[in-house]
1. Lys/Arg Cβ at +1, Asp/Glu Cβ at -1, dipole of the chain taken about the Cα centre: which of Leu35, Thr140, Val207 is farthest positive-ward?
2. To make sure I understand the rule: partners must be lysines, Cα under 18 Å from the Cα of Lys108, and not fewer than 8 residues away in the same chain. Which ones qualify?
3. Under a point-charge model restricted to the Cβ atoms of Lys and Arg (+1) and Asp and Glu (-1), what is the dipole moment magnitude of the chain relative to its Cα centre, in debye to the nearest 20?
4. For segment 84-146, run through the trypsin sites (Lys or Arg not before Pro) and keep only the ones in DSSP coil with at most 16 other Cβ atoms within 10 Å of their Cβ.
5. Got a sec? Charge dipole of the chain, +1 on Cβ for Lys and Arg, -1 for Asp and Glu; which of Ala57, Ala84, Thr5 is way out at the positive end?
6. Rounding to the nearest 20 debye, state how big the charge dipole of segment 42-150 is about its Cα centre with +1 on each Lys and Arg Cβ and -1 on each Asp and Glu Cβ.
7. Taking only Cα atoms, what is the 0 to 90° angle, nearest 10, from helix 19-28's long axis to the longest principal axis of the chain?
8. Take the Cα atoms of the chain, build their convex hull, and give its volume per residue in Å³.
Amino acid sequence: MSIWTTAGRLRGIAFTGSAQQLALLARHRKGESDLVRREGMWFLHATVEVADVPITAPEGFLGVDLGIANIATLSDGIRHSGKALNAVRHRHRELRRRLQARATKSAKRLLKRRRRKEARFAADVNHRIAKQVVTEAERTGRGIALEDLQGIRDRVRLRKPQRVTLHSWSFHQLGAFIGYKAARAGVAVIHVDASYTSQQCSHCGHVDKKNRPDQETFSCTSCGFAEHADVNAARNIASRGAAGWAVSHAA
Ligand SMILES: [Zn+2]
């Protein structure tokens with residue numbers, strides 16, 4: 001690359017990236033790039049514009065349920081645990097509590113560094129989940145049904161409001177990652193209203209608070225169907241996705 005400096009133009013400065021990033025840059029680079037300095041390292045932020053692949057007509061839907069204990073649960077039964085991410089967040093909160101008393105410059109710097117590290121870790125986890133979800137949907141010729149996040153505040157009950165903000169931010173990021181990876185693969189994505197998906201039986205449709213006696217268990221009081229609570233919710237999201245798609249593509 002070449003950059004303008006107060007001493008004139010510097011040419012032939014080497015840069016590198018992952019094989020995938022370099023391939024994308026070579027084919028789809030667009031416009032100017034920004035040079036950013038972060039924690040003593042230099043980063044080049046480049047924009048690429050990749051055309052969407054035509055959407056394949058889906059044969060069924062893969063439902064994705066979002067949560068805290070399990071970040072993402074698929075209607076197939078695959079669960080992505082939130083354990084590692086929650087542990088990182090917990091450690092960070094503890095550190096912040098201890099350091100906030102000392103409002104020194106170095107304490108602030110350390111906190112800033114940790115906050116960024118936590119955000120990078122969360123983004124990495126979301127990238128991996130999104131990739132797995134899109135690959136699985138593509139492999140099986142299905143679309144992806146995601147919950148509409150408008151109502152997530154009401155469904156994810158937490159004691160501290162800032163945690164809701166944190167998690168809902170992370171859920172939006174996961175949704176965005178799934179969205180662009182799916183667009184690249186030509187996989188259909190539909191957003192569904194997820195109210196009562198945790199109380200509704202994915203086998204017979206019966207809705208009852210008592211269907212979910214605790215965090216992990218779903219056991220239908222009407223037909224006896226039993227499943228992990230998050231898997232049951234994901235199955236409901238999948239069938240709402242299929243129904244929603246049928247309605248919007250009926251014409
Ligand atoms: Zn039932």
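Each value in this text was obtained by applying a stated rule to the coordinates, not by laboratory testing. This one's a predicted model, so the numbers in the text were calculated from it and none came from an experiment. Cβ coordinates were reconstructed from backbone atoms using ideal geometry, including for glycine residues, and neighbour counts include every protein chain displayed.
1. Of the options given, the answer is Leu35.
2. Lys117
3. Working: 43 positive and 22 negative charges, 455 e Å.
So the dipole magnitude of the chain works out to roughly 2180 debye.
4. Listed in order of number, the matching sites are Arg102.
5. Farthest towards the positive end: Thr5.
6. Numbers: 23 positive and 12 negative charges, 370 e Å.
Using only the charged Cβ atoms, the result is roughly 1780 debye.
7. The angle comes out near 80 degrees.
8. On the way: hull volume 41.1 nm³, N = 251.
Here the figure is 164 Å³ per residue.
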